[in-house]
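Since the structure comes first, as structure tokens, the remarks are kept for the end.
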Amino acid sequence: MSNADVKATGTDLPEVEKRPSHVENSADLDANAKLAEYKAGAIDAENAELRMGVLEAVRLYPMASLWAFIMSCTIIMESYCVFLMGAFVAMDQFKKEYGVTDQYGKLQIEASWQSALQMGGPLGAIVGVVIAGPITSKIGYRWATIGGLMVLNCFIFVFYFANSLAVMFVSQLLEGIPWGVFIANAPAYCSEIVPIQLRAPATQMLQMFWAIGAIIVGGVCYVYEGKMESSAYRIPIALQWMFPTPLAVLLYMAPESPWWLVRKGRLEEAAKSVRRLGSAKVTTNPEESVAMMRRTIDLEKTDKEPSLVELFRGTDLYRTLIVCGVYAAQNLTGNLIANQAVYFFRQAGIDSQLAFALGLITSALQTVFVMLSWILTTYLGRRTIYVWGSFINVCFLVALGVAGSVPASNASSLAMASLGLIVSVGFTLGPAPASWVIIGETSAIRLRPLTTGIGRGAYYVVNIPCIFLATYMLNTTGVNLGGRCGYVWGATGFVCFVVAYFYLPEMKGRSYREIDIMFKRKVPARKWKETVIDINSDE
């Protein structure tokens, strides 16, 4: 049929615009040039971070260090309240108002209520970490954390005006919800806003602020412990209001994580965020840093919104198990002795004033040892410090069990108190701070808020039965094991050591791109250190 025939029938053929071949080739060349430029910028930014020293990174990214410091301060709230409940059960006035007489004629908080008060927060935190992932993925780290701080302000009222152990339990349950948001967001945010060389100290600050929370509690309770009126514990409760509002104001001024902004496709905002995190001396431009982030995120090759189901598929399952395992192991390698230090000292036969003083000394030493761990983890590696730190703690836990097995005497009490202090402090030099770095580095970028939330959920799932176990082992209304609890925690700690030795990889000095590639290649954990990933490789 001719064109004339077509027009005669009233049917129009679609017009096809034929572009000259030289125009098509020009467009292809232009696209290829842009792709090459984008990848070159990403490589330059990654190389710059890999070559950077620790002190140089601090000099070039001072604001990133500052905002990581401020976000880490949110951990003080959970630490403060956890140690507060541990101090209350050892406080004479609190025991006078809410305690019962034990078999030795002394006042004690019943083991069941002691356990309930200490597990209320973790129960609420399970809710918090579950909702933290989806909320943070949707609105970002800043607004999710600010919302949690404002909610916490309200829930502190419940605790302050509580007039029974039951209401105190409910208040802990409610306060635990924003705790879960803080503990899920803080390690992820801190690890995303700093360069590679600062990931260890930035995330380990979380453990330092945990110890600082304990120091504040120890100091306040040491001052008020001797008061024989309700202000002995009411004032420490009220002091919780010191933290949420100032932190919310500071976080309002903080930049959002550029990695989160890139995941959302907000590239201009991500570049602006990178500028705010660095100084004028930064050698790479923000666009190159954003290109590096895009390159890493593009490795995941999906436009879907992240979901909890993805955490348990393929290589992401292995990454999720590492995060959950490291979190859960914190309860099994000496952490609960550290969290109940004052009560442990009392049960070891130390008088009230000295027990609170030792608790304060323990917290101060923990802060110092966390700072020492920055150096060890940065230069020796995460796996080395975590694995062998866990093993050393197991040895001290067994020694604690031996000290608790000898006949009661002043010498055995001092030995148990000393070993309890060593275990509490040693925990913050090795496995505790290293675990925060591992948690921040292991998860896939797009799944990070969900992974850290589920990981912390695993912590609380293990923490709750362990609190019951720890309380009944120490309480005179329970089985009253005293120092012999070291045998129990030594056994669980040894299991954690063995699992970590075989399955925990070394991620020191690795970019997120390299970490993604090595997980996808299923490199065995003990071979990560010597494995080389080409800078041009995307799979």
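The values are calculated or read from the model by the stated rules, or taken from the named source; none is laboratory data. Treat the numbers as computed from the prediction; the structure is a model and nothing was measured. Note that we place each Cβ from the backbone using ideal geometry, even for glycine, and neighbour counts take in every protein chain shown. Heavy atoms of the whole protein, side chains included, go into the accessibility calculation; ligands, DNA and RNA do not. Shrake-Rupley method; radii C 1.70, N 1.55, O 1.52, S 1.80 Å.
Quick look at the values:
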{"item": "Where the chain is the region considered: accessible area per residue in Å², 1.4 Å probe", "result": "41"}
{"item": "Out-of-range pairs (alpha-carbon distance over 28 Å; input Lys39/Lys529; Lys39/Lys508; Lys272/Lys527; Lys138/Lys520; Lys264/Lys527)", "result": "Lys272/Lys527; Lys264/Lys527"}
{"item": "Anisotropy class of segment 305-457 from Cα gyration tensor, a/c 1.5 cut", "result": "prolate"}
{"item": "Three-way shape label, segment 367-497, alpha-carbon gyration tensor, a/c 1.5", "result": "oblate"}
{"item": "Highest to lowest packing among 256-267, 432-443, 114-125, 202-213, scored as the average C-beta count within 10 Å", "result": "432-443, 202-213, 114-125, 256-267"}
{"item": "Estimated vicinal HN-Hα couplings, Hz - segment 461-473 in sequence order (Karplus 6.51, -1.76, 1.60; Gly, Pro = x)", "result": "4, 7, 4, 5, x, 5, 4, 4, 4, 4, 5, 5, 6"}
{"item": "Accessible surface of the chain, 1.4 Å probe, proportion on carbon and sulfur as whole %", "result": "65"}
{"item": "Helix axis angle, 431-442 relative to the chain longest principal axis, alpha carbon, degrees", "result": "20"}
{"item": "For segment 205-324, alpha-carbon Rg over 2.2 N^0.38 Å", "result": "1.62"}
{"item": "Unit charges at the beta carbon, dipole of the chain: most positive-side option, Ser409, Ile535, Ile322", "result": "Ser409"}
{"item": "For Ile126, net neighbour charge (Lys/Arg +1, Asp/Glu -1) across residues whose Cβ lies under 15 Å away", "result": "-1"}
{"item": "Local electrostatic count, Phe83, Cβ distance below 14 Å [Lys/Arg +1, Asp/Glu -1]", "result": "-3"}
{"item": "Cα-based helix-to-principal-axis angle, 267-277 vs the chain, degrees rounded to 10", "result": "40"}
{"item": "Value of relative contact order over the chain, rounded to a whole percent, pairs C-alpha under 8 Å and six or more apart", "result": "22"}
{"item": "Quotient of Cα Rg and 2.2 N^0.38 Å for the chain, N being how many residues it contains", "result": "1.12"}
{"item": "Positive-end residue, the chain charge dipole about Cα centroid, Cβ charges, pick of Gln240, Thr367, Phe494", "result": "Phe494"}
{"item": "0 to 90° range, to nearest 10: angle between helix 21-51 axis and the chain longest Cα axis", "result": "20"}
